[in-house]
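This report refers to the structure that appears directly beneath it.
The values are calculated or read from the model by the stated rules, or taken from the named source; none is laboratory data. Source: prediction; values computed, not measured. Note: ideal-geometry Cβ built from the backbone for every residue, glycine included; neighbour counts use all protein chains shown.
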Amino acid sequence: MENRFFFNELFKSLSFSYQRLFIIVLSIFIGALTCSAFLNIYFDIDTKLSKELKAYGANVIISSKNIDENFIPNIKYEEIKQKLKARALTPFLYEFLNLGSTSAVVLGTDFKALRLTKPFLEIKDGSFSLRDFNDNSVFLGVDLAKQLNLKAGNELQIYNPNNGKSVKLTIKAIFSSNDEFDSIALASLNVIQNLSDTQGINYANAIIDSDFQSVWHKTQTISDNTINAKPISSVSLSENLVLKKIKTLMFLIVIIVLIIVTTSVNTTLSSIIFSRKKEIALRLALGAKKSEIFKLFASECFIVSLIASIIGAFCGIFLANIFGYLIFNSSIDFRFKAVLISIIISLAFAFFAAFLPIKKALKINICDNLKGD
């Protein structure tokens, strides 16, 4: 009977202040929404941002420990390829060969992997598409093309004076990279190995999708007496630094939003209590205990906060995915712990916001508020 009376009073109390309570619901909803969205992104950002940053080039270099030979045999390279399981692994074999009337450096490589490990090759003439990546293709740096007076579509004969071997390839594109690549020719690794009678490479670059510590650990597993594999520190450490800064920024945004929410809830609840101070004074005059008044307002605040937090937390998943597609062009994985944590945080901030106004309600002077009634 007592519980039934309490719930009756609670329902009436909610009905009396529903307009002002809506502001509290909206405030907590926004707080939970923001908190849930950023927590979902926070738990997923390592993978998403790591992949995004790997689009800017290689983060691992694999070389020979023998400085004099500077050579990795094909068998060893294939073994590394199997162990590393990288998103892209690009071999590099440099040879100084005759190109018509002049001599230049020719790089034997894997074109498809090169597109990922060195993504910023600007095509000046021709195309650099998948259909062009075959053993009959060659790509010229813009400076070398100017020196040879050649363009896309022309044929280029490559000759090795050491063994008399030669091959005629079709120029598929002229490219610019604003580095040493502008002065070299790119050809298939198989072609250059056959032309130079070489069964190996000078070194390789790779892209591994993971954080610096994981990448470092993975490179250590393939390093031995002959091979030295290590992360490109400037890339991997910069990635960690960027991740930390973004996470810090997200944390600050959430804190600022929750402080605004807390202020809004505190102000609105104070307004509700001020408008109902005569009712509170009357209840106290009729013998109601302060603990009962506290229980009534605390329950009222808890119910609206809980509903707003749950709705806001689940809606935060959709906001997280909107951010995911806008920033990373992919969805954000759902994590229940992000929803649960955002509900708990929202309720905690709502409690702090409501504590002082409710405590103030218990100190209302009965005589002053009922005078003349």
Legend entry - region 102-119 residues that are free of Cβ contacts under 8 Å to residues at least 60 places away in the same chain, paired with ones that are of a type in the set (G, A, S) (beta carbon under 7 Å, 6 or more apart): A113/A88
Legend entry - Single residue of E122, E155 found to be of a type in the set (D, E) and within 23 Å of A204 (Cα to Cα): E122
Inset, instruction - Given the conditions (1) at pLDDT below 90; (2) surrounded by 16 or more Cβ atoms within 10 Å (Cβ to Cβ); (3) outside any helix (DSSP H, G or I), report the number of the one that L140 does not fulfil. - result: (1)
Legend entry - Verdict on A145 being crowded, with 19+ Cβ neighbours inside 10 Å, under 36 Å from the mean Cα position of the chain (by Cα) and hydrophobic (A, V, I, L, M, F, W, C): no
Inset, instruction - Give F71, F120, F139, F96 a once-over and let me know the one that is under 26 Å from D209 (Cβ atoms) and in the same structural domain as S214 (by TED's automatic domain parsing). - result: F120
Inset, instruction - Would you please list the contacts, defined by Cβ atoms under 6 Å and residues six or more apart or on different chains, that run from a residue in region 186-201 that is assigned by TED's automatic domain parsing to the domain that holds S137 to a residue that is hydroxyl-bearing (S, T, Y) and not in a strand (DSSP E or B)? - result: I201/Y77
Legend entry - Total residues in region 190-212, condition within 34 Å of the chain's Cα centre (by Cα) and either assigned to a helix (DSSP H, G or I) or of a type outside the set (A, V, I, L, M, F, W, C) (or both): 7
Legend entry - Residue pairs meeting the criteria (Cβ under 6 Å; at least 6 apart or on separate chains; first under 16 Å from K81 (Cβ atoms) and assigned by TED's automatic domain parsing to the domain that holds K83, in region 222-233; second modelled with pLDDT under 85 and basic (K, R)): T226/K65
Legend entry - Residues that are in a strand (DSSP E or B) and without any contact (Cβ under 8 Å) to a residue 24 or more places away in the chain, drawn from region 158-177: K168
Inset, instruction - Output yes when any residue across region 356-372 is at pLDDT 80 or above, under 19 Å from V261 (Cα atoms) and over 19 Å from the mean Cα position of the chain (by Cα), and no when none is. - result: no
Legend entry - Listing of helices (runs of 4 or more DSSP H) fully contained in region 1-110 that carry 3 or more residues being modelled with pLDDT of 85 or more: 18-54, 74-84
Legend entry - Criterion (within 19 Å of V265 (Cβ to Cβ) and either assigned to a helix (DSSP H, G or I) or modelled with pLDDT of 80 or more (or both)) met by exactly one of A308, A338: A308
Inset, instruction - Please state which one of L258, L269, L241 is touching a helix residue (DSSP H, G or I) at 6+ places or on another chain (Cβ under 9 Å), at pLDDT below 80 and part of a helix (DSSP H, G or I). - result: L269
